[in-house]
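Structure first, commentary second.
The values are calculated or read from the model by the stated rules, or taken from the named source; none is laboratory data. Please read these numbers as outputs of a predicted model, since none were measured by experiment. Cβ coordinates were reconstructed from backbone atoms using ideal geometry, including for glycine residues, and neighbour counts include every protein chain displayed. Areas reflect the complete protein model, heavy atoms only, side chains present, ligands, DNA and RNA absent. Shrake-Rupley method; radii C 1.70, N 1.55, O 1.52, S 1.80 Å.
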Amino acid sequence: MSLAIKAEHISFSYAKDGPRTLDDVSFEIKEGEYVALIGHNGSGKSTLARILAGLISELDPNASLTVFGMEYDKEHSAEIHSKIGLVFQNPDNQFVGATVRDDIAFGLENRAIDPSLMDAIILESAASVGMEEYLDQAPENLSGGQKQRVALAGVLALRPSLLILDEATSMLDPKGKREILALVRKMRKENPSLTVLSITHDVEEAVESDRVLVLAGGKLILEGKGEEVFSHRELLEENHLESPFVHELSLALREEGVDVEPTLSEEGLLEELCR
Amino acid sequence: MASLSLGRYVPYRSPVHFLDPRTKLFCLVLLIVTVFLGYANYSTTFLMAGVSLVLVLAFFLMTRMRFTALLKSLKSLWFMLIFLLLIYAIMPRSDNLDWVAFFIGNYPIYWASILDALKILVRLMLMIALSLILTASTKPLDLTAGFEWYLSPIRWLGVNTAAWSMVLSLALRFIPTILVDVERIMKAQSSRGVDFQRGKLSVRARALVSLIVPLVVSSLMRSDELADAMEGRGYDPRAKRTRYRKLAFHWGDLIAVLLVGAFFGMCVAMSVLSFDPFLEWFQVAVR
Ligand SMILES: Nc1ncnc2c1ncn2[C@@H]1O[C@H](COP(=O)(O)OP(=O)(O)OP(=O)(O)O)[C@@H](O)[C@H]1O
Ligand SMILES: [Mg+2]
């Protein structure tokens with residue numbers, strides 16, 4: 001399977017000679033993979049997302065970033081851009097249009113898509129996030145979760161190959177959170193080649209992923225399958241991150257002498273216990 | 001929150017909603033000019049103001065705007081009325097000083113002062129109501145598309161009119177969001193003991209600072225994220241974009257332009273000819 005992202009020696013600082021926001025970060029993400037990126041506040045997660053999406057282009061000279069096999073250069077950046085969809089944290093700050101319809105149209109307009117085709121695309125992507133009845137609503141009349149679903153629809157309409165969610169659920173209530181996660185799951189099912197990089201504070205969200213990257217102080221400190229990453233409890237704690245509850249529980253049970261393998265999912269733990 | 005509904009788009013399917021934004025902008029300009037025309041005398045002025053008021057109310061009913069919204073927006077005009085009355089009482093216009101309403105001590109207050117103040121007030125009210133009807137019946141994006149169309153000639157001077165109209169539509173889009181911020185910050189600061197209502201001027205000024213500083217910071221953060229989100233969705237002010245919403249001129253627009261144009265023409269004629277309907281038609285001399 002080919003690589004969606006190949007990042008090598010990514011370093012970056014906002015101010016010249018300022019502190020390094022990202023410090024020699026290297027990783028790979030395969031096409032179709034669902035990767036969670038976790039890390040404490042200010043660890044550089046959003047900065048990394050901006051770099052991957054090409055919103056920041058001044059990289060360190062020995063850094064190399066390849067997205068879908070293309071280098072980020074003048075020739076390819078437009079094409080790379082068109083393959084990446086971004087959803088940010090604050091639902092209000094990414095709602096550009098006056099209504100849901102106009103907001104979904106915004107991305108299509110930017111891609112210079114024929115206006116006569118737009119209505120069909122808008123309806124289809126709104127329907128896929130369950131917002132087809134709100135097409136003419138203004139953002140003020142929508143809940144945060146609904147606005148976030150519209151943001152997802154706006155991104156979906158552009159048919160991205162890589163979806164980057166930068167704490168897309170962190171301002172939502174548990175219900176809104178679950179809905180967004182379920183939508184992402186559905187999107188991946190419908191399009192298995194869709195690569196997802198989900199940036200999150202919420203370790204519970206990381207459980208869903210194929211792989212977890214942990215960023216601390218601009219450095220990539222851990223990388224691997226969820227069970228593996230969360231077994232480094234001291235390292236995580238040092239960096240103000242905790243393990244998911246189920247994982248903690250399975251470890252605690254093990255300490256008490258119950259014979260279970262550390263696991264991340266409730267079902268997994270149940271199975272282990274019934275064994 | 002009711003006060004925040006001011007100037008907002010009110011979704012509804014009225015004839016006014018269906019008009020092309022360019023038509024509405026054109027009509028708005030004509031009607032505002034009409035409102036500010038001077039007529040032969042006070043009676044004609046107020047007669048025409050009455051006619052305009054009936055028109056405005058008709059539009060108002062058509063667009064299903066709430067009257068409370070209008071009244072709220074006109075509430076602050078009380079202040080204006082008192083201010084104008086004061087100005088005209090102190091400095092009455094020199095023609096028409098034979099008609100004293102009453103005396104304050106030895107100081108005469110002329111009817112002309114009161115009527116002049118009322119005249120300006122009525123004009124302001126009509127202007128505000130007309131603008132509100134426009135913003136209530138036109139989506140911000142359509143409105144800016146209309147503006148852009150009128151500005152398109154200056155594109156030949158190298159001005160990026162599409163980018164400016166995007167700036168305008170974003171401003172319109174974010175007004176409600178920022179008003180919510182204002183409310184939120186005011187609540188937060190009130191809970192910390194800041195009083196926005198009472199106090200000496202210096203206290204009030206400090207209260208205002210405690211509102212403005214966080215507001216500016218939060219707006220800057222918003223704009224930062226917005227810029228990222230827009231760029232992430234492929235927005236490039238210099239690139240060629242297509243438009244989802246096409247402006248289209250219909251028969252209704254022609255009719256609206258003709259009707260408003262006729263009304264405008266009639267009012268201008270009355271103004272220029274100093275026509276006095278009371279004298280000409282009813283043979284009564286009213287001031
Ligand atoms: N536009 C900017 N200019 C200067 N410094 C910035 C800018 N954006 C972020 N930083 C700094 O870079 C560091 C990393 O920020 P970043 O937003 O990438 O962190 P994060 O991991 O996304 O944090 P959070 O969990 O709070 O979103 C922080 O110290 C922050 O202050
Ligand atoms: Mg962040």
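Quick check on my filter: what residues within the range A:77-100 are touching a residue at least 60 places away in the same chain (Cβ under 8 Å) and either more than 16 Å from ligand 1 (Cβ to nearest atom) or among the aliphatic types (A, V, I, L, M) (or both)? Once the filter is applied, which keeps residues that are touching a residue at least 60 places away in the same chain (Cβ under 8 Å) and either more than 16 Å from ligand 1 (Cβ to nearest atom) or among the aliphatic types (A, V, I, L, M) (or both), the range A:77-100 yields A:Ser82, A:Lys83, A:Ile84, A:Gly85, A:Leu86, A:Val87.
Quick check on the range A:239-250. Is at least one of its residues in contact (Cβ under 8 Å) with a residue 60 or more places away in the chain, open to solvent by 10 Å² or more (accessible area, probe 1.4 Å) and under 20 Å from A:Ala153 (Cβ atoms)?
Within the range A:239-250, the first condition is being in contact (Cβ under 8 Å) with a residue 60 or more places away in the chain, and the residues that meet it are A:239-241.
So of that shortlist, the ones also open to solvent by 10 Å² or more (accessible area, probe 1.4 Å) come out as A:239-241.
Now restrict to residues that are under 20 Å from A:Ala153 (Cβ atoms): none.
For the range A:239-250, residues in contact (Cβ under 8 Å) with a residue 60 or more places away in the chain, open to solvent by 10 Å² or more (accessible area, probe 1.4 Å) and under 20 Å from A:Ala153 (Cβ atoms): absent.
Can you tell me which of (1) hydroxyl-bearing (Ser, Thr, Tyr); (2) open to solvent by 60 Å² or more (accessible area, probe 1.4 Å); (3) modelled with pLDDT under 85 is the one B:Ser165 doesn't meet? Only one criterion is unmet by B:Ser165, namely (2).
The helices (runs of 4 or more DSSP H) found wholly in the range A:165-275 and carrying at least 1 residues that are among the hydroxyl-bearing types (Ser, Thr, Tyr) occupy A:245-255. For the range A:79-100, give me each residue that is over 21 Å from the mean Cα position of the chain (by Cα) and either within 8 Å of chain B (Cβ to nearest Cβ) or surrounded by fewer than 24 Cβ atoms within 10 Å (Cβ to Cβ) (or both). Those that are over 21 Å from the mean Cα position of the chain (by Cα) and either within 8 Å of chain B (Cβ to nearest Cβ) or surrounded by fewer than 24 Cβ atoms within 10 Å (Cβ to Cβ) (or both): A:Gly97, A:Ala98, A:Thr99.
Cβ-Cβ contacts under 6 Å between residues 6 or more apart (or on different chains), taken from a first residue in the range A:36-57 that is touching a residue at least 40 places away in the same chain (Cβ under 8 Å) and of a type outside the set (Phe, Trp, Tyr) to a second residue that is open to solvent by 30 Å² or more (accessible area, probe 1.4 Å) and within 10 Å of ligand 2 (Cβ to nearest atom), are listed as A:Ile56/A:Arg50.
Taking the conditions exactly as written (crowded, with 18+ Cβ neighbours inside 10 Å, among the aliphatic types (A, V, I, L, M) and without any contact (Cβ under 8 Å) to a residue 40 or more places away in the chain), does B:Leu172 satisfy them or not?
Working: crowded, with 18+ Cβ neighbours inside 10 Å: yes; among the aliphatic types (A, V, I, L, M): yes; without any contact (Cβ under 8 Å) to a residue 40 or more places away in the chain: yes.
Taking the combined requirement at face value, the residue satisfies it.
Scanning the range A:44-63 for residues being in a loop (DSSP other than H, G, I, E, B) and either within 14 Å of chain B (Cβ to nearest Cβ) or more than 15 Å from ligand 1 (Cβ to nearest atom) (or both) gives a total of 9. Taking the residues in the range B:150-162 that are assigned to a helix (DSSP H, G or I) and under 22 Å from A:Asn110 (Cβ atoms) as candidates, determine which candidate is modelled with the lowest pLDDT. The extreme case among them is B:Arg155. Only residues that are open to solvent by less than 10 Å² (accessible area, probe 1.4 Å) and either within 9 Å of chain B (Cβ to nearest Cβ) or at positive phi (or both) were counted across the range A:105-137, and they come to 6.
The criterion of at least 3 residues that are within 14 Å of chain A (Cβ to nearest Cβ) and open to solvent by less than 80 Å² (accessible area, probe 1.4 Å) is met, among helices (runs of 4 or more DSSP H) falling completely within the range B:179-287, by B:201-232.
If only residues of the range B:119-146 that are farther than 22 Å from B:Arg13 by Cα and touching a residue at least 60 places away in the same chain (Cβ under 8 Å) are counted, the one that is least open to solvent (accessible area, probe 1.4 Å) is B:Leu126. Counting only residues that are away from ligand 2 (no atom under 13 Å from the Cβ), closer than 19 Å to A:Leu165 by Cα and either part of a loop (DSSP other than H, G, I, E, B) or charged (D, E, K, R) (or both), the range A:16-43 holds 5 of them.
Of all the residues in the range A:147-177, those that are surrounded by fewer than 21 Cβ atoms within 10 Å (Cβ to Cβ) and more than 17 Å from the chain's Cα centre (by Cα) number 3. Reported count of residues in the range A:44-57, each being out of contact with any His (no Cβ under 7 Å at 6 or more places or on another chain) and away from ligand 2 (no atom under 16 Å from the Cβ), is 1. For beta carbons closer than 6 Å, sequence separation of 6+ or different chains, a first residue in the range A:154-182 that is touching a residue at least 24 places away in the same chain (Cβ under 8 Å) and a second that is among the hydroxyl-bearing types (Ser, Thr, Tyr) and away from ligand 1 (no atom under 16 Å from the Cβ), the qualifying pairs are A:Leu156/A:Ser125; A:Ala157/A:Ser125; A:Leu162/A:Thr195. The criterion of at least 3 residues that are without any contact (Cβ under 8 Å) to a residue 24 or more places away in the chain, exposed (fewer than 13 other Cβ atoms within 10 Å of the Cβ) and away from chain A (no Cβ under 14 Å) is met by the following helices (runs of 4 or more DSSP H) wholly inside the range B:6-111: B:42-63, B:67-75, B:77-90.
Within 12 Å of chain B (Cβ to nearest Cβ) and among the aromatic types (Phe, Trp, Tyr) - does that describe any residue in the range A:64-75? Even if it seems obvious, please write down each step before you answer.
Our first condition is that a residue be within 12 Å of chain B (Cβ to nearest Cβ); within the range A:64-75, this holds for none.
Checked the range A:64-75: no residue is within 12 Å of chain B (Cβ to nearest Cβ) and among the aromatic types (Phe, Trp, Tyr).
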